[in-house]
Amino acid sequence: MIYEGYGIRSMPTTSMRRPASLSVFLACVSFLCWLLGCWETLASELGTTTSEAAATVSSGEPLHLYTALDTNEAKIYIRAFEEESGIQVHWVRLSAGEVLVRIRSERANPQVTLWFGGPSPEFIVAKREGLLAPYAPRIDFDPPPGTFDEAHYWTGFYFGAIGFASNTEILGRKGIAPPTSWYDLLTPQFKGEISVAYAYTSGTANTLLAAIVQMMGEDAGFNYIAKLDRNVHHYNRSGSACVTQVGFGEVSVGIAFSHDIVKKGPAKGYPVVLSFPKEGTGFEIGAMALVKGGPNQVAAKRFMDWALSVRAQNLMQRWFRTPLNPRAEVAEGAVTTDKVKLIQFDPIWAANHRQRLVERWREVTAQ
């Protein structure tokens, strides 16, 4: 199916005037009480104790994180957190598969404390390898089953479905309708017209790979991948890169998450339409987690608490993501679970078979 949218007090008399030393003392007490109240408010909003909030900000120690979100999107949340918390954030953007490789290589000397964004299977692999530390964010709602690790090694904060991005001008000139089936992508009319990401760097592409295998079975799934590869113009490191390429007319079709398609396509004025395969599609629960042994764990925990707050989740409207906080607002045009046919996607299975599937994908595509 095709989805479109996107007070002034009087001065005392001389006889009533307090001694100067007493006035200074009372002023100091008043200021300290005000300051304590500010810290209590900040601590309450960001889900930590007053002493933790004061110690973290006063230390001046920054929060270090890796994010798999688009660079321009990550800035939205990181800047808002910095403004609200007073904590500086140092961050690097990598695709989800690249984040996994990076924190694995830094196991003996972790360089970051937070992994922010990317499909949950990569986090499940990281948990299994002992790269993450448990933390249950302080929230005031019940998250849906399957959106968090039961031992709290990772926590979801958004939903996203795999879809097709199509350039309507190119397809219109060729008399081709936007694809609405996985098998539409295999037809000769799309030869050299498709862009998608590498399965070993991109969480988007890895979700796509696992979904195809879960839908079709492994041998049939890789037979499909081999046929799809013949129509692929090129592969990207990032899962959302293909949407920009479709918008610019470099290719006709890209396979990506729906929020990236809406944000980087029609929301920017490009001739891009979003469609979904009628057979059903894979999806992600985008997650975040503490990196085991990373510096400034208190700040990272505060970020995770904040990321699930209504204020933070409302910011996702700017990127058409579907938030998990039920009281957060959803942007018009964002794809929610009731608007698309989803397969019974198993992220744990995807994580357990990730390495083997990626190796076979590389053999089939020679990438």
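Quick notes on this structure:
- Checked against the criterion of being under 19 Å from ARG321 (Cα atoms) and crowded, with 20+ Cβ neighbours inside 10 Å, the candidates GLY156, GLY146 yield just one match: GLY156.
Residue by residue, here is whether (1) in a helix (DSSP H, G or I); (2) among the basic types (Lys, Arg); (3) more than 23 Å from GLY282 (Cβ to Cβ); (4) in the same structural domain as PRO295 (by TED's automatic domain parsing) holds:
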position	(1), (2), (3), (4)
GLU61	no, no, yes, yes
GLU84	yes, no, yes, yes
ARG104	yes, yes, yes, yes
ARG107	no, yes, yes, yes
PHE116	no, no, no, yes
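- Top-ranked residue in the range 347-367 [being over 26 Å from the mean Cα position of the chain (by Cα) and modelled with pLDDT of 95 or more; ranked as farthest from LEU208 (Cα to Cα)]: GLU363
- The range 318-363, residues that are surrounded by fewer than 18 Cβ atoms within 10 Å (Cβ to Cβ), assigned to a helix (DSSP H, G or I) and not aromatic (Phe, Trp, Tyr): ARG318, THR337, ASP338, LYS339, ILE348, ASN352, GLN355, ARG356, GLU359, ARG362, GLU363
- Residue list for the range 290-312, restricted to those being closer than 19 Å to PRO145 by Cα and touching an Asp or Glu at 6+ places or on another chain (Cβ under 8 Å): SER309
- For VAL262, the criteria (1) over 16 Å from the mean Cα position of the chain (by Cα); (2) farther than 30 Å from LEU63 by Cα hold in every case but one, which is (1).
The values are calculated or read from the model by the stated rules, or taken from the named source; none is laboratory data. Because the structure is predicted, anything quoted here is derived from the model rather than measured. We place every Cβ from the backbone using ideal geometry, glycine too, and count neighbours over all the protein chains shown.
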